Every structure is written in structure tokens, then in C-alpha cells.
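Inspection log for the structure reproduced underneath, given as C-alpha cells.
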Amino acid sequence: MIVHDAEAGVTETPVQLLREHPLTPKELMFVRNNQVLPGALTLSTYPSESWNLELSGLVMPTRTVSFLELARLKRTVTVAVLQCAGNGRAFYAQSATAKGTQWQRGGMAQVTWTGVLLRHLLDSFGLQVSPDASFLTAEGRDPAATAGDDDFEQSVPLEDVLETALIATSMNGEPLPAIHGGPLRLVLPGYYGSMNVKWLNRLRFESEPSASRHHARRYRTFQERIEPGSSPEVTAETTAPTWRQKIKSIIWDPVEGERRFPGPIKVSGVAWNDGRTEIVAAELSSDGGNTWWRVNLETPLSPYGWYPWHATLWYGWNRQLKPGGTVEEFRVRAFDALGRSQPDDGSVHWNPSGYEWYGVDSVKVNLH
Ligand SMILES: Nc1nc2c(c(=O)[nH]1)N[C@H]1C(S)=C(S)[C@@H](COP(=O)(O)O)O[C@H]1N2
Ligand SMILES: [Mo]
């Protein structure tokens, strides 16, 4: 693992390991803590007997549900890509360095989540959400990183997640490891990892989003294009939270700087989006973006999962590749059924915190 911060727990998965597993094993899954629940820096479970989930705000009646009550409800399984909103931040440095952990491609994973759908939880206990509730705000039991700092909490549009939000108790078929939010985690398929609050102990139904700086000022990007390197004021009007994942694809084989020899060169990776519509195509270029070739897309394990893709280039036969030892730039870009794709120049989405990188992925390969 690439260790970005050993104390808080911030680790990235090298793509060479990510590509080996259709479902990312817990041992290889990236970790991102803003703040930690004491005792939770472990892949083991966290004691769950006395864990409660409070449902409060614009919900009638308000209710505290124990872990054991929750565990008796019908479970739903979903495969989803969990990706930090800061994944790919390092690539913004091509135009101007963005502050924060310099994630490359491995601040993401694909896993199976098992838990209780929020909708089902509400219905099972006869809880009615008021029509005035526009936001779902999730709180974890982890204390603020420094005394006096705002607690890490995140809000999402309730209407958008009401049928898909999962209160997860398991990951990859095992009790949710403490480091990944066990015993309870809010899982929002299609949303950036940052919104998937770990150590969940309260869900608030409210008319306004959270005022915590982590939501109101931190995890946001600008609505309009801004000059790379600039940092305009963050307001509710000029910015939007890092909610639904932008369409993205990466090359994970070969990796940057790898050498390939004459003959067929297998190139592969994954593509994904927010799961609201299908990925319909991905294209590969082996000449830095002059010509593009359709790749073979596989079916994802779920609409919220990643689409593995692969292609074979013939070195020496394909005119795109010149013999004699040369560095070529491989690029990939994906398209979905809504016509969404990735910008050639990812810096069009530059923001001071370097969130939501979704530029065309580029890998330099040595051909000998
Ligand atoms: N309670 C809590 N939940 C949290 C965080 C946190 O610091 N505290 N970090 C968030 C961020 S920024 C990300 S990217 C994901 C990382 O999930 P993982 O550590 O399971 O990979 O958790 C999110 N949920
Ligand atoms: Mo994140």
C-alpha cells in the first residue's frame, strides 16, 4: 500500500494490486480518515452490541434503532465502486498543484456491501419523513480531529438517495471491518466515498444541509470553470458538494513507465460513473490521443460497479506503435448513455482542493 498518513490512516492501493481482484479484498482497500473512531484502525470488527443508530429531525416519530434490531431486518446486497473525491488529485498538478493527499488512481475500490435499505428501515418501523426534509445528514461517532473543529458529517439530497441508501453492516460478505466504518456505515451507491459516512450513529432528516465546514466549505467543487491555482471564495451558490461520481476510466495495465516487448500488448482497465445510466463505450489511444479505438467493455457486477475493459494492440503491426524503442502515451476515455464523457484536459475542472478529477487517463509506456 502507498501510505499517505499512517497516524490517521490514509492509504492508497497500487493499481498493480487493484487490478488483480474483481472485488477489492479488505487488506488492499484504500483508507481515508479525516478523523478516527478510537480503536477503529483495524481490519477486525468493532463491538456492535451497544451500537445505536438515531433517526432524528423531520421524521415522525424519531427513533433510536439498536444494531441488533437492525440486524433482524431484511438485507440487501449491492456492489459499488467506493472512490475518494480526491482520487486523481495528483494529476491536477499538470496545471497547478491542488492541496491535499496526492492520490493517483488507487483511492478507490470495488466491494460488495450488505445492509438494510434506508427505505426499508423507515417502513419497517413506521417512520414517516416530512415532505420538508430535503437533506439526509449523516454523522459518525468519530470525534473531531482537533478540539473545537467541526465534526465530519455530510449531507446529500434525500430524494436522490431515498431508494438506494444502504445502512451497511457487511463488506465482501464479512462483518464490516472497523477501519472501513464498522459496525455501521452509510453507503450511497454512485456517490463519492466522502459522502459514505463511517461509524454511523445518527441520520438527520432536515430542510437544510449540514453547516459543518467539512460539508459547507470543504468537500466542494466550483460550478464554473476557475483559473488553475486561484482560490475564489467558496459559497453555497458558486460551489456544489462532491456528490455523484463523475464518469471516469483508467488504464491499470500497463502501469506508468512499464516496458512492453514486440507482439500483442494487452491493455486493460475499468470505467464507471454514478450508476444512473450505462457506460456505453470506452476508447483507447496509443498515440497520445490522435487516433482512438473502441475497447471491449465487460458487464459490471452492478450498475454502480466498474466496467472492466480490455484491448489488444499489436506492436510492430499496428502503425500506431513505432519499433525501435519509444515511449508512447496510452489514453482512455469512457462515454455513457447520457452522452457524458471525460475532458481531454482534466484541469478544466481544477479546484483548490483537487476533487473530482475525471480527465482522460494517460499512461506512458516504454515500447522496446
Ligand atoms: N465518519 C467518517 N466517515 C468517513 C470519513 C471520516 O473521516 N469519518 N472519511 C470519508 C472519506 S473522505 C472517504 S474517501 C471514505 C473512505 O472510506 P474507506 O476508508 O473505507 O476507504 O470514507 C468517508 N467516510
Ligand atoms: Mo475522500
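Tabulated data for the structure shown
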{"quantity": "Answer from Val111, Val59, Val36 - the residue that is within 15 Å of ligand 2 (Cβ to nearest atom) and in the same structural domain as Arg202 (by TED's automatic domain parsing)", "calculated": "Val36"}
{"quantity": "Residues satisfying the stated conditions in the range 158-171, i.e. touching a Ser or Thr at 6+ places or on another chain (Cβ under 9 Å) and either open to solvent by 50 Å² or more (accessible area, probe 1.4 Å) or assigned to a helix (DSSP H, G or I) (or both)", "calculated": "Leu158, Glu159"}
{"quantity": "Residues satisfying the stated conditions in the range 35-50, i.e. within 30 Å of Glu208 (Cα to Cα) and buried (at least 19 other Cβ atoms within 10 Å of the Cβ)", "calculated": "Val36, Leu37"}
{"quantity": "Members of the range 258-277 that are in a loop (DSSP other than H, G, I, E, B) and buried (at least 19 other Cβ atoms within 10 Å of the Cβ)", "calculated": "Asn273, Asp274, Gly275"}
{"quantity": "Residue that is nearest to ligand 1 (Cβ to nearest atom) [pool: residues in the range 19-38 that are among the aliphatic types (A, V, I, L, M) and more than 26 Å from Ala144 (Cα to Cα)]", "calculated": "Leu28"}
{"quantity": "Test for Gly173: is it away from ligand 1 (no atom under 11 Å from the Cβ) and closer than 16 Å to Trp243 by Cα", "calculated": "no"}
{"quantity": "Val255, sole failed condition from (1) touching a residue at least 40 places away in the same chain (Cβ under 8 Å); (2) aliphatic (A, V, I, L, M); (3) not in a loop (DSSP other than H, G, I, E, B)", "calculated": "(3)"}
{"quantity": "Hits in the range 322-352 (condition: open to solvent by less than 40 Å² (accessible area, probe 1.4 Å) and assigned to a helix (DSSP H, G or I))", "calculated": "Gly346, Ser347, His349"}
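The values are calculated or read from the model by the stated rules, or taken from the named source; none is laboratory data. Bear in mind that the values here come from a model prediction, so they are computed numbers and not experimental data. A quick note on method: Cβ atoms are made from the backbone with ideal geometry, for glycine too, and the neighbour counts reach across all protein chains shown. When the accessible area is computed, the model is the full protein with side chains, heavy atoms only, and any ligands, DNA or RNA have been set aside. Shrake-Rupley method; radii C 1.70, N 1.55, O 1.52, S 1.80 Å.
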